[in-house]
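Taken together, the values in this text are just the output of simple stated rules run on the coordinates, not laboratory data. Please read all numbers here as calculations on a predicted model, not as lab measurements. Here the Cβ positions follow ideal geometry from the backbone for every residue, glycine too, while neighbour counts run over all protein chains shown.
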Amino acid sequence: MKTRVGILISGRGSNMEALIRAAARDDFPATIALVLSNRADAAGLDIARQHGIAAHAIPSRDFRNDREGHEARLHQELIAANCSLVCLAGYMRLLTPAFVQSWAGRMLNIHPSLLPSFPGLDTHAKALAAGSRIHGCTVHLVTEIMDEGPILAQAAVPVLPGDTESELGARVLAQEHIIYPMALRHYLGQPAIPADASNALVSPCA
């Protein structure tokens with residue numbers, strides 16, 4: 001029986017689509033049951049629907065300052081779809097401790113840096129400003145402290161002379177698309193490292 005996964009997005013959902021494509025394989029241990037967005041204009045919603053996956057917007061702006069009310073709706077939708085695990089894929093809102101606790105050990109996130117370096121936003125700009133020679137991405141479990149959960153997988157890319165944020169970001173994003181499905185598979189008990197992820201590391205805590 002495949003694990004039913006819900007994905008939360010805020011935008012284009014390229015990591016979401018990488019998970020959807022991976023989960024379409026017969027040997028993958030998860031199925032994507034639902035995609036939710038806090039933005040009605042998120043391009044990823046249409047992409048999910050094109051793959052035949054239920055996708056809904058629950059606009060956060062409709063809830064004004066009621067973060068708990070918004071997250072209660074997210075939680076209700078995830079439970080109604082029988083999701084037992086959540087993947088954040090470019091979800092651009094901080095989650096409340098109550099929501100995180102309700103999905104503790106069952107919520108993954110991908111972050112565009114080699115954590116613990118550069119948590120938060122603008123990671124590529126931060127890496128360039130710091131003179132980093134290595135940058136990358138991290139899949140981790142979500143905890144109450146932003147970008148500090150146990151690391152499940154990381155992939156590194158070199159920072160090249162003259163790199164721009166967009167050039168560096170594109171190389172990092174390509175690795176995100178590889179390691180997020182890999183980390184999810186590993187977390188669900190089916191270790192597998194594809195040949196094109198030789199620069200990736202899966203943590204024993206996965």
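Let me check I've understood the local charge: for A23, count other residues with C-beta under 11 angstrom from its C-beta, Lys and Arg +1, Asp and Glu -1. What total comes out?
+2
Find the eigenvalues of the gyration tensor of the Cα atoms of the stretch 1-140, then list the square roots of 5 times those eigenvalues as equivalent ellipsoid semi-axes, largest first, in whole angstrom.
25, 19, 15
How far is helix 165-187 tilted, in degrees, relative to the longest principal axis of the Cα atoms in the chain, given as a value from 0 to 90 rounded to the nearest 10?
The angle comes out near 60 degrees.
Please identify the trypsin sites (Lys or Arg not before Pro) of the stretch 1-38 that satisfy two criteria: DSSP loop assignment and at most 12 other Cβ atoms within 10 Å. Which are they?
R25
Exposed loop GluC sites (Glu not before Pro) only (DSSP loop, at most 15 other Cβ atoms within 10 Å): please give the longest stretch of the chain free of them, not including the sites. Each step should come with its number before you reach the end.
Numbers: sites that count: E144, E148.
No qualifying site falls inside 1-143, the longest such stretch.
What angle, in degrees between 0 and 90 and rounded to the nearest 10, separates the Cα long axis of helix 67-80 from the longest principal axis of the Cα atoms of the chain?
80 degrees
Would you mind ranking H135, H70 so that the residue whose beta carbon has the fewest other beta carbons within 10 Å leads the list? Could the numbers behind the result be given before it?
Values: H135 26, H70 21.
In increasing order of surrounding Cβ atoms, one gets H70, H135.
Would you grab the residues whose amide H sits under 5 Å from the one on G90? Only those 5+ places off in sequence or on another chain, please, with H modelled 1.01 Å from N.
Answer set, sorted by chain and number: I110.
Which of the three applies to the stretch 41-115, rounded, prolate or oblate, going by the alpha-carbon gyration tensor with a ≥ b ≥ c and a/c under 1.5 meaning rounded?
The shape class here is rounded.
Let me have the 222 nm mean residue ellipticity of the chain computed from DSSP H runs of 4+ only, each contributing -39500 (n - 2.57), with the sum over all residues rounded to the nearest 500. Walk me through the numbers before you get to the answer.
Details: 6 runs with 68 residues, N = 206.
Calculated from helices alone, the mean residue ellipticity at 222 nm is -10000 deg cm²/dmol.
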